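Single-structure report; data block below.
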Amino acid sequence: MTELITNLISLAVTDTGLVQMSTKYKGKSLQIDWGLIQQIEQKCKVLNALLDLPENKGVKRVNLSQPDLPIVS
């Protein structure tokens with residue numbers, strides 16, 4: 001998670017409370033849609049697990065708005 005904060009490009013919160021983050025991870029752009037701030041600890045754990053998977057090496061976007069059903073593209 002430290003790399004995501006260190007390489008932060010932008011952080012936005014919509015009028016409805018949705019959090020969106022643009023950053024760099026391992027030198028590549030990454031968009032993270034956090035959704036609402038609820039369940040943030042679970043969302044962080046899910047994100048770390050997803051980024052550790054070899055098949056997600058080239059990931060460009062992660063949607064964590066529903067942490068039990070994350071979307072990676």
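Using only C-alpha positions, report the orientation-averaged shadow area of the convex hull of the chain, nm², one decimal.
Average projection, Cα convex hull of the chain: 4.5 nm².
Say we join alpha carbon atoms closer than 10 Å with springs in a Gaussian network model of the chain; which of D52, D15, D33 then has the biggest fluctuation?
Judging by the Gaussian network model, the answer is D15.
Could you work out which residue, out of K28, K43, K60, moves most in a Gaussian network model of the chain, that is, has the largest mean-square fluctuation with Cα springs under 10 Å?
Most flexible of the set in this elastic network: K28.
For the chain, modelled as a Gaussian network with Cα springs under 10 Å, which listed residue fluctuates most, L30, L11, L50?
Among L30, L11, L50, the largest GNM mean-square fluctuation belongs to L11.
From the phi of every residue in region 8-24, what ³J(HN,Hα) in whole Hz does the Karplus formula 6.51 cos²θ - 1.76 cosθ + 1.60 yield, where θ is phi - 60° and glycine or proline is x?
Values, residue by residue: 4, 9, 8, 9, 10, 10, 6, 4, 8, x, 6, 9, 10, 9, 10, 8, 10 Hz.
No value in this document is a laboratory result; all are computed from the given coordinates. Please read these numbers as outputs of a predicted model, since none were measured by experiment.
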